[in-house]
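The values are calculated or read from the model by the stated rules, or taken from the named source; none is laboratory data. None of the values given here were measured: they were computed from a predicted structure. So basically every Cβ, Gly included, is an ideal-geometry build from the backbone, and we count neighbours across all protein chains shown.
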Amino acid sequence: MDSPHGAAVKAEDFGLKGPRGWAFRGIGLDAAPGSLIAVEGPSGSGRTCLLLALTGRMKPTEGHAEIGRHRLPKKMAAVRRIAALGPVPGVNDLDQSLTVAEQLREGALLQRHYGAPIRSLFRSRAERRATAAARIDAALDAAGLDLATLPKGERTTVRDLERLEAVRLSVAIALLGSPQLLALDDLDIKLSDTERTEVWALLRSIAARGITVLAVCSEAPADAVVLRTGPKEDGAGAGRDADAKAEAEPAAKAEAEPAVEKDSGAKKDAETGPATATATENDADDTGNDGNDDNDDDDTKGADDALAEAGRA
């Protein structure tokens, strides 16, 4: 697994408004590359919307943000290429029917279709498989997931994983794309105090590698850069995170469908490391021309269409 430089995360008067009012508003942030950023707040306070907006999956309606050298909302596609989603419940859930090995191969197949450089296509099949295996091993190591400790090793089904093991698997799949920003939602849900301590230790180790980490939680650790969300002025905050997940889930599934072949042989042929499944937006930049997506999302959608943007991201 590569060790890319993390992306600086900056925001000024950043806000997103949907049909039920403001999901979040007036967000300001200035975090250096390799920072551990905690989005802290009660459930329903716009935390998930903020996470999806900062990773280019939802279009903000007010203010701006910069992820690395890419400015939002204009360069959402470019941000998606450098920002990977770890576990985000309701958006990119693991397939409970797959084994851990199959889930990793599926992630590898997505990386092959969306994230691999063109020159990798000219490598031999054996070389691609060896490269993929090395990247998977490195990502699992970085995520702290030892397949040998699972009940049935790599043949353990995802449904049989403990919550902490599932988090580590999601993180490993995200890291295979060598992202500059790793984002995780509902980090402390269904975890004991000891497990929360382990997860934060994991995220600190990832940040120490140079990758910026953005994690949604109900209580942030003392050493994190804290970004707080709270009750909305219009009183319509409750349930908006659930709406965001419902809007974004079809997008995540749509990203995967073109890449995942239905026959079992397709999964066995996955030969490059997993990465975030990035969707194609209506801009020429998604064909592989990084940094030339100035026309990406130039038009400003109405406030009522803000949440619907996740369906195309």
Which condition number in (1) at pLDDT below 50; (2) surrounded by 23 or more Cβ atoms within 10 Å (Cβ to Cβ) is the one that residue 215 fails? (1)
Out of (1) modelled with pLDDT under 95; (2) under 14 Å from the mean Cα position of the chain (by Cα), the one residue 191 does not meet is (2)
Cβ-Cβ under 6 Å, sequence separation 6+ or interchain: first residue in the range 203-228 and within 22 Å of residue 174 (Cα to Cα), partner of a type in the set (Lys, Arg) and buried (at least 22 other Cβ atoms within 10 Å of the Cβ). Which pairs? 216/47
Check whether at least one residue in the range 64-74 is over 26 Å from residue 172 (Cβ atoms) and of a type in the set (Gly, Ala, Ser), and report yes or no. yes
Of everything in the range 96-108 that's in contact with a Pro (Cβ under 8 Å, 6 or more places away or on another chain) and over 11 Å from residue 169 (Cβ atoms), which residue is surrounded by the fewest Cβ atoms within 10 Å (Cβ to Cβ)? 106
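When you scan the range 42-97, how many residues do you find that are on the phi > 0 side of the Ramachandran plot and touching a Lys or Arg at 6+ places or on another chain (Cβ under 9 Å)?
Result for the range 42-97: 5.
Matching residues to (1) within 29 Å of residue 164 (Cβ to Cβ); (2) without any contact (Cβ under 8 Å) to a residue 60 or more places away in the chain; (3) among the polar types (S, T, N, Q):
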| position | (1), (2), (3) |
| --- | --- |
| 12 | no, yes, no |
| 28 | no, yes, no |
| 36 | yes, no, no |
| 48 | yes, no, yes |
| 53 | yes, yes, no |
| 60 | no, no, no |
| 76 | no, no, no |
| 86 | yes, no, no |
Looking only at the range 58-78, and only at residues there that are closer than 23 Å to residue 211 by Cβ and of a type in the set (Gly, Ala, Ser), the one that is farthest from the chain's Cα centre (by Cα): 65
Go through the range 221-242 and give me each residue that's in contact with a strand residue (DSSP E or B) (Cβ under 9 Å, 6 or more places away or on another chain), at pLDDT 50 or above and farther than 16 Å from residue 50 by Cα. 221, 223, 224
What number of residues in the range 144-183 are surrounded by fewer than 24 Cβ atoms within 10 Å (Cβ to Cβ), under 18 Å from residue 34 (Cα atoms) and hydrophobic (A, V, I, L, M, F, W, C)? 0
Within the range 124-156, residues over 26 Å from residue 197 (Cβ atoms) and touching a Leu at 6+ places or on another chain (Cβ under 7 Å) come out as 135, 136, 153, 154
Residue 33 - would you say it is touching a Ser or Thr at 6+ places or on another chain (Cβ under 8 Å), farther than 15 Å from residue 184 by Cβ and at pLDDT below 95? no
